[in-house]
Structures are given as C-alpha cells and as structure tokens.
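Chemist: I have a structure here, written as structure tokens, and I will follow up with some questions on it.
Only the coordinates and a few stated rules stand behind these numbers; no lab work does. In this text the structure is predicted, and so the values were computed from the model without any measurement. Ideal geometry is used to build each Cβ from the backbone, glycine not excepted, and the neighbour counts take in all protein chains shown.
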Amino acid sequence: MDNSIKLKIISIKDLFSEELFYNIKIREYILGGVFLILILFMSINIFLVNETASDPVMVRNAFVGIIIFLVVLIVRSVLVRKIIEKKKKQVKKYIRRLRFANAIFEASIPTVAIILLTFFLEPLVAINSPTVLLYFIFILVSILDMDFKICVLVGITTALEYFLVSIYFFDSFKTVSNLEIFVLPAAYIAKSLIMLVSGIAAGAIANHIKNKIVRSFETIQERNELEKVFGQQVSKEIVDEFIENKLEISSKKRNATVMFLDIRNFSKFCEAKTPEEINKYQNEVLGFMIEEINKNAGIVNQILGDGLMATFGAPVENENHVQNSVNAALQIVKKLERKNENGEIPKTNIGIGIHTGEVFTGNVGTDERQQYSITGNTVILAARLEQLNKEFNSSVIASKDVIDNIKTGVLEYSSLGEVSIKGFTNSIGLYKLS
C-alpha cells in the first residue's frame, strides 16, 4: 500500500484520541444526571424514615449530608463543562493527564461519600450501604475514555480505597454485629476484587469498542484514498471489489458481456488539430457515451484514445448484463445521431462490437506493477466484431449469443449470416443492430 495512505490511516488514531476531548463533557452530563436521581431518591427517603428507627434524626441527617455532597458534585460537573468549553485549547494540550487525574478523582467520590456517612451512621452500615454501588457507576462511565489503562486505574482505585476504608473501620464491626458476613475480612476482600475485575472488564470492553471504531475509520479512509488514487483509472465498482477482497483482486471466471467502441477516422481528424482541440473533442464525444454505459450498469474498463472497452456483468454481477449492453449501444448511437444533426460535435461515426460469454477477471502484471484486467476469447471476439462494422457499413454488430439472450421482440436487427472471424476456427453468427 502507498506510504501516504499508511500515514493517513495512522493519523486516524490521533484524530480519534482528539475526539475523546468531548467524552469528558458527556461523562459530566451522565454523572450529573446520576447525582440528580440520587438526590431525588435521598429526598424521598428523608420523609420515609420511620420514627421507630433507633435514631431517626441521625438517619435523616445522614441523608441530608449525602444530598449536600451530591449537590456539590453536580455543581462541580457544571463547572467542569464550562471550563472545558472556555479553555478548550488548554484542556486539549493536557488531555491525557487530565483524563487520568479525573478518573482517580471520580473513582474516589464513593469513598468520600462512605466516609461522610460514618459521621452519622455506624461504619458497618455506611460501608455496606447502597452507596458502595456508586463505585460500579464510575467503573462503567470510565468506558467512555476508550482507554484500557484508565479503566483498570479506576478499578484499582475503587478496589483499593474500599478495602482500606473497610480495614480502617474493621475493628468496630464486631461490636455492632455478630453476623459472619459482616465481620469476615474475606467479605471485603471479595468486594474489592470484584471492583478490580470490573475495572479490567470495562477496560477490555473499551478497548474492543475503540479498535472497532478505529478499524471503521481506517476502512473509510482507505476506501477514500483508493478511490482518489484509482478513481480516474478504473471504475468505483472495481475499487469496491478491491477493498472487499482486502486489497486483493481474486482471479475468477464469470459470464459477462463485452463492448468495444471505436471512433471512425480519428487519426485523420487529429491531423490538423491542436492537442487541446483533440482533448476537447474526446471529452465531448466519449463523455456522453460513458454516461450511457454507466446508466445501463456497465463499467468502462479502458479508454483507448479513439474509443473504449466496457463490460457488463463484471466485476459486478448483473443478470441483465446482455440486455443492458445492447440498450447502452443503441442509446449511444441515437444520441450521437442527434448531436451530429444539431451540430453539437464535429461529424462523427462510430463502430460498436458486442459479444457475451465467459471471461476471466483479475490482476495482470508483476508484483511491482499490476492492472485489473478482463480477458478471454469473449473480449477478443468483441474487438473483432467492432472492426467488422467497417466491412458491413454498420454501427453496431452483435454475436448470435447476444441476440439469444435479449428480448428480441422489442429490438430491430438483421442477420449478417455466419462470418469467419480472424483467430477463430468456427464461423460466428452475426447480427446488425444499427
């Protein structure tokens, strides 16, 4: 692959990393929404606290304390978004450091909440309260960073902080409860390990998503570059097949219809013309012919200066390739006659040969220089038929195989009989279409 294409594909990863800047804002929107829901939940619980509780006032105070803490976090989220929008360039400059610092800060929020709860409730209650589940919210949100290391860092931070807080208050647990689940160190070690594993799992998911996105960008970029490089040389359909086969064109046999078109007396026309005039004439004449071929699902394989070669049904398969080739040929002749009559172009005559059959498609050449090519006797015969137009004073000649595969009821044609073709042992049945 061309080095410039490789460099542009590599730069996609840089662009992807730059886009992560916006994920910080998305993260803050998500967390702000989570905190708001928790505030509503805590507010409802304040009114639901039973007066028969051991210390209802203390419980309500705990809820109020958590609400205040969550309000502070929402304000922080709003400020972070505003700072990001106002100081975009500075944030981008230090985005990697900020992402790691922000990840550690956010992963520590549940730890701070648990410590605050210990001022109002028994440490055992605080450390085993639903607040612990906040750790997993931050682990999930870390996926937005699309960075395995950050997700693992969040997992390590949450696991380590929860374990340290549990160990710090562990001695007080035995004075409050006799249940083994609350007084066994293994229970808190297990929770910490689950948090760590969750962080690793989040990292694996983030990495998988990132790789899929990068590969999609690479494919799009690669397709754009290939179409840019080869688009003027071969058709878009050939480029598509090239990409679908992972940059390799597989050689294969298939049935297709081949058309050769030649502009009569082109050399004589060019004798007294400048290169600019010749190019202008080619564009005016070949331009509308190529359009008609494209309209009928044909592919222009080669432009030969004073003509072209087109195929129908290869490389893109089409059941109606024979009918399409005939339709394209007749439309070209009709349009050419009108342009000649209106004086839109210099008086021009053409010859078209059409044959259908088995062809061989694939790359031809060496490892250093290859070209997509369609070869076989079908191609050779179509070229021979185009030349026979001079002999029969016709514009379009098709083989019997073509006539046998089209809707003859809507087509006028006349038989030219069995004709011997140079290079072919048996005579070929030919028909004049125009």
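Chemist: Would you list Thr175, Thr356 from fewest to most Cβ contacts within 10 Å? The partial results should precede the final answer.
Modeler: Values: Thr175 10, Thr356 27.
Result, fewest neighbours first: Thr175, Thr356.
Chemist: With a cap of 15 neighbouring Cβ atoms within 10 Å, and only residues DSSP puts in a loop, list the chymotrypsin sites (Phe, Trp or Tyr not before Pro) found in the range 118-158.
Modeler: On the way: sites: Phe119, Phe120, Tyr135, Phe136, Phe138, Phe148; in loops: Phe119, Phe120.
Sparse-neighbourhood loop chymotrypsin sites (Phe, Trp or Tyr not before Pro): Phe119.
Chemist: I would also like to ask the following. Calculated FRET efficiency, Lys400 and Ile278, Cβ-Cβ r, R0 45 Å, to nearest 0.05? Kindly include the intermediate steps, with their values, before the conclusion.
Modeler: Numbers: r = 37 Å, r/R0 = 0.83.
Once rounded, the FRET efficiency stands at 0.75.
Chemist: Please work out the FRET efficiency for the pair Val183 and Leu140, using the Cβ-Cβ distance as r and a Förster radius of 25 Å; give the result to the nearest 0.05.
Modeler: For R0 = 25 Å, the calculated efficiency reads 0.25.
Chemist: What is the sum of charges around Asn389, taking Lys and Arg as +1, Asp and Glu as -1, for the other residues whose C-beta is under 10 Å from the C-beta of Asn389?
Modeler: Details: positive: Arg264, Lys390, Lys432; negative: Asp262, Glu386, Glu391.
Once all neighbours under 10 Å are counted, the net charge is 0.
Chemist: For the range 380-424, what are Rg and Dmax over the alpha carbons, in angstrom?
Modeler: 11.0, 33
Chemist: If you don't mind, there's one more thing I want to ask. How big is the range 251-432 by Rg and Dmax over its Cα atoms, in Å?
Modeler: Using the Cα atoms of the range 251-432, the pair Rg, Dmax is 16.4, 50 Å.
Chemist: Moving on. If you take the beta carbon distance between Asp171 and Phe217 as r and set R0 to 51 Å, what does 1/(1 + (r/R0)^6) give as a FRET efficiency, to the nearest 0.05? Don't jump to the answer; show the numbers that get you there.
Modeler: Numbers: r = 54 Å, r/R0 = 1.07.
E(calc), rounded to 0.05, equals 0.40.
Chemist: Treat each spin label as a single point 7 Å out from the Cα along the C-beta direction, and report the Leu164 to Phe392 distance in nm.
Modeler: 9.2
Chemist: Shifting gears a bit: Kindly put Thr348, Thr378 in sequence by how many other C-beta atoms sit within 10 Å of each C-beta, fewest to most. Don't skip to the answer; put the middle values down first.
Modeler: On the way: Thr348 17, Thr378 23.
Ascending number of Cβ neighbours within 10 Å: Thr348, Thr378.
Chemist: Taking the range 111-151, how much of its Cα-Cα pair set, in percent, is spaced more than 12 angstrom apart? Before the final figure, lay out each step's value.
Modeler: Numbers: 489 of 820 pairs.
Of all Cα-Cα distances in the range 111-151, 60 percent exceed 12 Å.
Chemist: Under 18 Å from the 7 Å Cα→Cβ point of Asn255, by amide nitrogen: which residues of the range 299-315?
Modeler: Answer for this model: 311-315.
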